[in-house]
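One structure is given below, encoded as structure tokens.
The values are calculated or read from the model by the stated rules, or taken from the named source; none is laboratory data. Given the structure is predicted, the values throughout are model-derived calculations rather than measurements. Cβ coordinates were reconstructed from backbone atoms using ideal geometry, including for glycine residues, and neighbour counts include every protein chain displayed. Ligands, DNA and RNA are stripped out before the accessible areas are found, and what is left, the full protein with its side chains, is counted by its heavy atoms. Shrake-Rupley method; radii C 1.70, N 1.55, O 1.52, S 1.80 Å.
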Amino acid sequence: MLVEGKWVADWQPVQKADEKGRFVRQTSSFRNWITPDGSAGPTGDGGFKAEAGRYRLYVALICPWASRTLIARTLKGLEPLIPVTVVNPTLSPQGWAFGGYPGAEADPLFNAGYMHEIYTRADPRFTGRATVPVLWDMARNVMVSNESGDILRMFDTAFEHLVPSDLRLYPADLASEIDALNPRLYDALNNGVYKAGFAGTQEAYDEAAEAVFAMLDELEARLTGNYLFGDRLTETDIRAFVTLIRFDAAYHGIFKLNRNRIADYPRLTAFMARILRLPGVAATVNLDHITRGYYSIKALNPNGIRPTGPAYLTRLVSGI
């Protein structure tokens, strides 16, 4: 990680643990917002006006947090406005690296070798982990945000005057319900799989795994319509999807979450297929990057051997 702008140690999967061995995730530190007129958003500073070609999104296709911003970018028609750079799926001793793997790209802005070099350009004395996604302002050469939830909401509305859309991922009439479900979904499932996978004690694992499968059961029961809020697609569906699509390919094995597969849940499986059929979404899912990345975590899989399946996910993603 970076300490005062200097890389000091090899990348490790566990950022922090509490006294009971529970995995604790780092808090995002860049929280500015792009807005239609450049005024300040809910957090951070102003000065980030929505303009075509001004911003670049850095992502890892292995990463669910980054992938939800990619999906929002696609669904909102922002591909022509916001270019993307994809990092290598294998976490190197210095974290996310550029290039060196099919589908991974060189850094087009600074010719950086690692994502942590982008962070020290944003803050030469940055301390912490260099995570993705990163939304970068190419006009001011500063980082706008590294918080995926904020980026998801920016993409929903900030560029509406440039690319009008009938889709609203955070509609006002559902805002209170979305705000109630999102934190529960995050704690039990999105971050819950990591709490199970990186648990330092049996107690911490049991607690996390129980919460993961309780949430999967709840979502299965909830899906009586097409989406989590009836027949209207919202950001909560994207938040759920990015974890579900990785579950059987990675979390079921590498994170020891093998009580059930998503394939054992008919409604959740149909939900994944429904999301994948939305225009452009399947192109944001790269199962090779996902399995390559998760199974390259040496602390969990020292020999780096990765499974070849599951075949049904390959068929779903490819539309076969």
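Taking the stated definitions as given, is T69 of a type in the set (S, T, Y), open to solvent by less than 20 Å² (accessible area, probe 1.4 Å) and either without any contact (Cβ under 8 Å) to a residue 12 or more places away in the chain or touching a helix residue (DSSP H, G or I) at 6+ places or on another chain (Cβ under 7 Å) (or both)? When the stated conditions are applied, T69 passes them. With respect to (1) in a helix (DSSP H, G or I); (2) touching a residue at least 60 places away in the same chain (Cβ under 8 Å); (3) touching a Ser or Thr at 6+ places or on another chain (Cβ under 9 Å), the lone exception for Y194 is condition (3).
Scan the range 244-281 for residues that are open to solvent by 30 Å² or more (accessible area, probe 1.4 Å) and not basic (K, R) and report the count. Lay out the reasoning, then the answer.
First, the residues of the range 244-281 that are open to solvent by 30 Å² or more (accessible area, probe 1.4 Å): 252-253, 256, 258-261, 263-264, 266-267, 269-270, 274, 277-280.
Right, trim to not basic (K, R) and you get 252-253, 258, 260, 263-264, 266, 269-270, 278-280.
Looking only at that region, the number is 12.
A single member of V163, V132, V144 is within 18 Å of the chain's Cα centre (by Cα) and in a loop (DSSP other than H, G, I, E, B), and it is V132. Check whether at least one residue in the range 260-283 is assigned to a helix (DSSP H, G or I), among the hydroxyl-bearing types (S, T, Y) and over 20 Å from L189 (Cα atoms), and report yes or no. Within the range 260-283, not a single residue is assigned to a helix (DSSP H, G or I), among the hydroxyl-bearing types (S, T, Y) and over 20 Å from L189 (Cα atoms). Within the range 282-320, being touching an Asp or Glu at 6+ places or on another chain (Cβ under 9 Å) and either free of Cβ contacts under 8 Å to residues at least 12 places away in the same chain or open to solvent by less than 40 Å² (accessible area, probe 1.4 Å) (or both) holds for G309, P310, L313. Candidates Y119, Y101, Y114: the one that is touching a strand residue (DSSP E or B) at 6+ places or on another chain (Cβ under 8 Å), open to solvent by less than 50 Å² (accessible area, probe 1.4 Å), over 30 Å from T234 (Cα atoms) and aromatic (F, W, Y) is Y119. Just so you know, in the range 72-95 the residues that are within 29 Å of K6 (Cβ to Cβ) and among the aliphatic types (A, V, I, L, M) include one that is least open to solvent (accessible area, probe 1.4 Å), and it is V87.
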